[in-house]
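Colleague: Before I ask anything, here is the structure I am working with.
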Amino acid sequence: MPSEGIELSPPEHILSDDEVIRLATLFVKSGVTKIRLTGGEPMVRKGIVDIVGTYAHFQRVAGRDAPPRASPDRVEHCIRAGRLHGLRKHGLQSIGMTTNGIALHRKLPALVASGLTHLNIRFAPHPVASGSRRLTVPSSLDTLDPFKFEIMTRRMGHDAVLRSLQTALASRELQSVKLNVVVVKGLNDHEVPDFVEMTKESRLSVRFIEFMPFTGNKWDKAKMLPSSELLARIRERYPAVRKAPDELNDTARSYIIPGHAGSFGFISSMSDHFCGSCNRLRLTADGQIKVCLFDAKEISLRDEMRAGSSDDVLLSTIGRAVSGKKEKHAGMEDIDVVTNRPMILIGG
């Protein structure tokens, strides 16, 4: 991410809660079965819990009872009144979130009670207090060394991320907990076996992500370590490692080690792309639809909604965007890092 930070968007540019739910409803009714809330950092958005499933409404219904202690009928009432959770009746199967983990442990019980089912943890700090209205953002929990963490992310918070991770792993209601690790050659690649070891006693899925070119992240091909090389290193320490079945349209190639409770995998966007099976669509916080992470082209659904477009017009625009998706993204040396957004402004 750019070391100088990112200029914060004016509030009026950001989708309102109702706009988010309207678009989510259109996507789900059109066949989307999974929704993931990303960032920036979703935990800094006011009302994020209510977007998932109207926890505030639950509190009004259940009085002072917190969700873990509330009666089943009150829990069911909350579920029926849910926002994203309420889309299950239209075919939504999972509600996920990707978060930096800094404040997660405080809100996780409410998020789970509201319908959150899947969680990815990566590190990114909150907006820095300054007169420049800028946000400084690294991307993931890329080191287990607290000192190196502070150097890489330009802030403290290593203990908070690990505490959130443990809180998530202790939640029986979450169907999956994943930890994202961007591997940079010469910086943290020697820690890969330590991350794999974290899967021994917990149902954690660690996903090693190849270093990818984005605006401001000082990408260098020499710092990109192919996943095949990482797997060879892991096999040296864990010879029994074997391939795990991949879910349909999954972005990660997963592996398991006999005797380990969790798993690990690779997202190999640079060395072994998965464009042919990718069915991801991204909707940015300011309402732009992107059909490929590495394609700078965007279409504004926000502007169409605010101009009074009907649902049919919005669906036509979404269809036009999807039909423009290329067979595969450009090679790593040809990806547009000038006009494409930094990852923090895309979400992932």
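Colleague: Determine whether PHE58 is farther than 16 Å from HIS118 by Cβ, modelled with pLDDT of 95 or more and open to solvent by less than 40 Å² (accessible area, probe 1.4 Å).
Modeller: In short, no.
Colleague: Then there is this: For the structure I just gave you, tell me whether LEU165 is farther than 21 Å from ARG237 by Cβ, at pLDDT 85 or above, under 20 Å from the mean Cα position of the chain (by Cα) and open to solvent by 20 Å² or more (accessible area, probe 1.4 Å).
Modeller: Numbers: farther than 21 Å from ARG237 by Cβ: yes; at pLDDT 85 or above: yes; under 20 Å from the mean Cα position of the chain (by Cα): yes; open to solvent by 20 Å² or more (accessible area, probe 1.4 Å): no.
In short, no.
Colleague: Let me ask another. For residues that are closer than 24 Å to ALA170 by Cβ and open to solvent by 20 Å² or more (accessible area, probe 1.4 Å), scanning just segment 77-101, find the one that is modelled with the highest pLDDT. Write out each step before concluding.
Modeller: To start, the set of residues in segment 77-101 that are closer than 24 Å to ALA170 by Cβ comprises 78-79, 82, 84-85, 93-101.
Narrowing further to those that are open to solvent by 20 Å² or more (accessible area, probe 1.4 Å): 79, 85, 93.
On the way: ILE79: 46, HIS85: 92, GLN93: 96.
That would be GLN93.
Colleague: Six or more apart or on different chains, Cβ under 6 Å: which pairs go from a residue in segment 31-51 that's within 15 Å of LEU111 (Cα to Cα) to one that's of a type in the set (D, E, K, R) and crowded, with 21+ Cβ neighbours inside 10 Å? Could you list them?
Modeller: Going by the 6 Å Cβ cut-off, the qualifying pairs are ILE51/ARG83.
Each row is one residue, and each column tells you yes or no for (1) in contact with a strand residue (DSSP E or B) (Cβ under 8 Å, 6 or more places away or on another chain); (2) at pLDDT 90 or above; (3) surrounded by fewer than 16 Cβ atoms within 10 Å (Cβ to Cβ); (4) of a type in the set (S, T, N, Q).
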{"residue": "ASN249", "(1), (2), (3), (4)": "no, no, yes, yes"}
{"residue": "PRO258", "(1), (2), (3), (4)": "yes, yes, yes, no"}
{"residue": "GLY265", "(1), (2), (3), (4)": "yes, yes, no, no"}
{"residue": "SER268", "(1), (2), (3), (4)": "yes, no, no, yes"}
{"residue": "CYS275", "(1), (2), (3), (4)": "no, no, yes, no"}
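Colleague: Another question about this same structure. Across segment 105-120, which residue is nearest to VAL177 (Cα to Cα) among those that are open to solvent by 20 Å² or more (accessible area, probe 1.4 Å) and touching a residue at least 24 places away in the same chain (Cβ under 8 Å)?
Modeller: Applying the filter and picking the extreme gives HIS118.
Colleague: So VAL337 ticks every box in (1) at pLDDT below 75; (2) within 22 Å of LYS29 (Cα to Cα) but one. Which box is left unticked?
Modeller: (2)
Colleague: For segment 300-326, enumerate the residues that are open to solvent by 60 Å² or more (accessible area, probe 1.4 Å) and in a helix (DSSP H, G or I).
Modeller: Within segment 300-326, ASP303, ARG306, ASP311, ASP312, VAL313, LEU315, SER316, ARG320, VAL322, SER323 meet the criteria.
Colleague: Given the options LYS200, LYS297, name the one that is in a loop (DSSP other than H, G, I, E, B), modelled with pLDDT of 90 or more and open to solvent by 70 Å² or more (accessible area, probe 1.4 Å). Talk me through it step by step, then tell me what you get.
Modeller: Working: LYS297 fails: modelled with pLDDT of 90 or more.
The unique qualifying residue is LYS200.
Colleague: Residue pairs, Cβ under 7 Å, 6 or more apart or interchain, first in segment 293-309 and closer than 20 Å to ILE14 by Cβ, second part of a loop (DSSP other than H, G, I, E, B) and not small (Gly, Ala, Ser). List them.
Modeller: Every condition considered, the pairs that remain are ARG302/LEU15; ARG302/ASP286.
The values are calculated or read from the model by the stated rules, or taken from the named source; none is laboratory data. Here the structure is a predicted model, which is why all the values come from computation and not from measurement. Positions of Cβ are backbone-derived with ideal geometry, glycine not excepted, and every protein chain shown enters the neighbour counts. Remember, those area values only see protein heavy atoms, side chains included, never the ligands or the DNA or RNA. Shrake-Rupley method; radii C 1.70, N 1.55, O 1.52, S 1.80 Å.
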